[in-house]
Amino acid sequence: MTKKMQGYLWLFLTIFLFSTYEIIGHTLTSSTTTMFVNAFRFLMGGLVLLPFALAYIRKNHVKLSKKDYLQLMALGLLNAVLSMNLLQLSFNYTAASTSAILFSTNPLFVAIFSSLLLKEKPSKSQLFGLFLGILGSVFVTGGFKTSSLIGPLLALSAAILFGFYTVSGKNSTKRLGSLVVNSFSFIFGGSINWIFLAINNEPLWQVTSDNWLKLLYLGIFVTGIAYYAYFTGLSSLNTTAGSSVFFVKPVFASILAWIFLSEAITWNKAIGIVIILLAMKFVMASSTIKDGSDIKKDSLSQKPTLNS
């Protein structure tokens, strides 16, 4: 199996796990607040990965500088605090489908930031695929439904921040390894969310006998394993091509909602699925591994090293 194929398999695992978030999160709205869910799942995800991250640090004699810790804290702030909470907040002002569409545009911002920061220029085929992916997401989620600009602006801000987080996280992963970046940034992000819970006078502990298993699932699988798989997959692919798998999330989410919530797959969802699959064909066909560089990855850390 090629490194390119392995990368996409890691990323499809990521998106499948991400797609279960709405299913589980839908059942938590009555017992927890949004910020607590993000505080719990990111701190839990970081702690799950921590033993493996520490083992990697010892094995490879990695030394984290003060600057590294600040960058990891910034990554946690970007993703766990700003992006995820802005996305959830947007649900209060617009339909969830509208938020989902706008957040699914994050590969477009990944392409922009990759071009500026990583010098990875998207091809014309990839740009066309990005356009088709956004169009397919509109069909799958039923179109834009909003009566205010606040919700869409919040969701769009979340997508921009996640795009910047993806590119920044890939850069840090090249130096420190996926385990270290994910574990430490999650612990920082989850802890910052808990601080904001205290500032907002929200309950600091909202785990009950009815929701603890769901919260553990979100922390271990949807956060710890999914994000590790995300940056592991990105380490083998052009960032724009890799992030484009986010367009498949509405497809997985629709299928899971049909299975577990009995939500019908309508004609517009079926058309959207076909468009998204076509979009993935354009993006994946033109993707390259690290812009043609020959890469080797450590099997534990997935930290890439360039051959001289």
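The values are calculated or read from the model by the stated rules, or taken from the named source; none is laboratory data. These figures come from a predicted structure and were not determined experimentally. Cβ coordinates were reconstructed from backbone atoms using ideal geometry, including for glycine residues, and neighbour counts include every protein chain displayed.
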_So, residue 237, is that one crowded, with 24+ Cβ neighbours inside 10 Å and modelled with pLDDT of 80 or more or not?_
no
*Check 58, 41 and return the single one that is under 20 Å from residue 158 (Cβ atoms) and among the basic types (Lys, Arg).*
41
*How many residues does segment 1-41 contain that are assigned to a helix (DSSP H, G or I) and either without any contact (Cβ under 8 Å) to a residue 24 or more places away in the chain or farther than 13 Å from residue 88 by Cβ (or both)?*
21
*Some residue of segment 275-295 being closer than 30 Å to residue 42 by Cα and at pLDDT 70 or above*: yes
*Could you list, in sequence order, the residues of segment 30-65 that are aromatic (Phe, Trp, Tyr), over 18 Å from residue 179 (Cα atoms) and surrounded by 23 or more Cβ atoms within 10 Å (Cβ to Cβ)?*
40
_Just checking, does segment 66-73 include any residue being touching a helix residue (DSSP H, G or I) at 6+ places or on another chain (Cβ under 9 Å), more than 13 Å from residue 182 (Cβ to Cβ), modelled with pLDDT under 90 and assigned to a helix (DSSP H, G or I)?_
no
*Among the residues of segment 206-220, how many are surrounded by fewer than 17 Cβ atoms within 10 Å (Cβ to Cβ), part of a loop (DSSP other than H, G, I, E, B) and touching a residue at least 12 places away in the same chain (Cβ under 8 Å)?*
3
_Matching entry among 125, 191, 183, 147 (being surrounded by fewer than 19 Cβ atoms within 10 Å (Cβ to Cβ) and modelled with pLDDT of 90 or more)_ = 191
*asked:* Checking the condition at pLDDT below 75 and surrounded by 19 or more Cβ atoms within 10 Å (Cβ to Cβ), which residue from 100, 111 passes?
replied: 100
*Here are some residues: 69, 21. Which one is at negative phi and over 19 Å from the mean Cα position of the chain (by Cα)?*
69
_Between 232, 223, which is touching a Ser or Thr at 6+ places or on another chain (Cβ under 7 Å), part of a helix (DSSP H, G or I) and within 24 Å of residue 3 (Cα to Cα)?_
232
